[in-house]
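Peer 1: Handing you this structure, nothing more for now.
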Amino acid sequence: MPKLKRNASVRDADGGIELDETHAGWYPNPDGSLNERRWDGAVWTDETREYPPPATGHKTMAPKAAEPSTPKMAAFIAAVKRLPKWSWAAVALALIVAISIPVAIATAQNPAGAPDSAKNTVKRTPVPFSAAPYIAVPTTAPVPVVPTPATPTMVPMGSPIVGENYSLVINSVDILDQLETTSGGPIVADPGTKLVLIRSTISITGNAQDLTCGSTLFKLAFDSNGSKMADVFEGPRIPGNPQCNFKTSAGETVAWNFAYKIADGRTPVSMSISDTNVDGAYNWGEEVVAALH
């Protein structure tokens, strides 16, 4: 093989390898075979070896240190080399701190043993809509709790019914086809109905009462079917009642009679009495229920 001049170069058979004569070593064989030939720094020798070479116990030369990848890095390394050796420790400490802070932050965000974000992603198999339909859960509105009023005690007929301003006793209850009056003709029951005449005695214990035309006592009568009986507003014509606009004062006791209409075939059962103001708007006392039989 020809001897190369200094700074000359040698190329392999494909022309892709360029060698400097000053660097001896093993290189791809220039004859194109799949092995390596030794370059002694001046000429190719006859020594060849297979590629890759078998492991040997010979000490290999350390590879040349890689040049800095960027001009900024090269400038930084050159500046560090110019520093006194005692200041290198400070530079190393600064590098350690600069590296440790991001590592600490990453460790806090993803502690040891916790999977990273890619591994932590749960893969779910899409479920067809038809396989998992939405089922509405019916909601039940809360049922308001309505306190049950206390059942009033029914006062037997003939016993006193005591309120805030009165004490009343029902003396008799009669079922009639017609009722005689103090003026004009009688009150006649309509077809399919009867008249119920209730005779009572009342004693006024509080405010004066116009019992016939303006009493503050409110009355409701009920039949054997639980239906409310219709009031007959003929108080001034019913025998025994005080005259209209006459006020019975406290301490006085007078007769007080009133009539109702009832469906034929039914019987009177009870009557509730409550004391109101003159407009009937406010209850001055508890409701009292009296028996009508």
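Peer 1: Go through region 17-67 residue by residue and tally those that are outside any loop (DSSP other than H, G, I, E, B) and at pLDDT 80 or above.
Peer 2: Adding up the residues that qualify gives 16.
A quick yes/no check of all residues on (1) surrounded by fewer than 14 Cβ atoms within 10 Å (Cβ to Cβ); (2) assigned to a loop (DSSP other than H, G, I, E, B); (3) modelled with pLDDT of 95 or more; (4) of a type in the set (Lys, Arg):
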site: LEU168; (1), (2), (3), (4): no, no, no, no
site: ILE175; (1), (2), (3), (4): no, no, yes, no
site: ALA221; (1), (2), (3), (4): no, no, no, no
site: PRO236; (1), (2), (3), (4): no, no, no, no
site: PRO242; (1), (2), (3), (4): no, yes, no, no
site: PHE246; (1), (2), (3), (4): no, yes, no, no
site: ALA250; (1), (2), (3), (4): yes, yes, no, no
site: TRP256; (1), (2), (3), (4): no, no, no, no
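Peer 1: Provide a single number: the residues in region 202-219 that are hydroxyl-bearing (Ser, Thr, Tyr), open to solvent by less than 60 Å² (accessible area, probe 1.4 Å) and without any contact (Cβ under 8 Å) to a residue 60 or more places away in the chain.
Peer 2: Summing the residues that are hydroxyl-bearing (Ser, Thr, Tyr), open to solvent by less than 60 Å² (accessible area, probe 1.4 Å) and without any contact (Cβ under 8 Å) to a residue 60 or more places away in the chain in region 202-219 gives 3.
Peer 1: Sticking with this structure for a sec: Determine if region 187-201 includes at least one residue that is under 60 Å from the mean Cα position of the chain (by Cα), in a loop (DSSP other than H, G, I, E, B) and in contact (Cβ under 8 Å) with a residue 40 or more places away in the chain.
Peer 2: Among the residues of region 187-201, at least one is under 60 Å from the mean Cα position of the chain (by Cα), in a loop (DSSP other than H, G, I, E, B) and in contact (Cβ under 8 Å) with a residue 40 or more places away in the chain, which makes the answer yes.
The values are calculated or read from the model by the stated rules, or taken from the named source; none is laboratory data. Worth saying up front: this structure is predicted, and the values here are computed from it rather than measured. Please note: Cβ atoms are built from the backbone with ideal geometry, for glycine as well, and neighbour counts cover all protein chains shown. Ligands, DNA and RNA are excluded from the accessible area calculation, which covers all protein heavy atoms including side chains. Shrake-Rupley method; radii C 1.70, N 1.55, O 1.52, S 1.80 Å.
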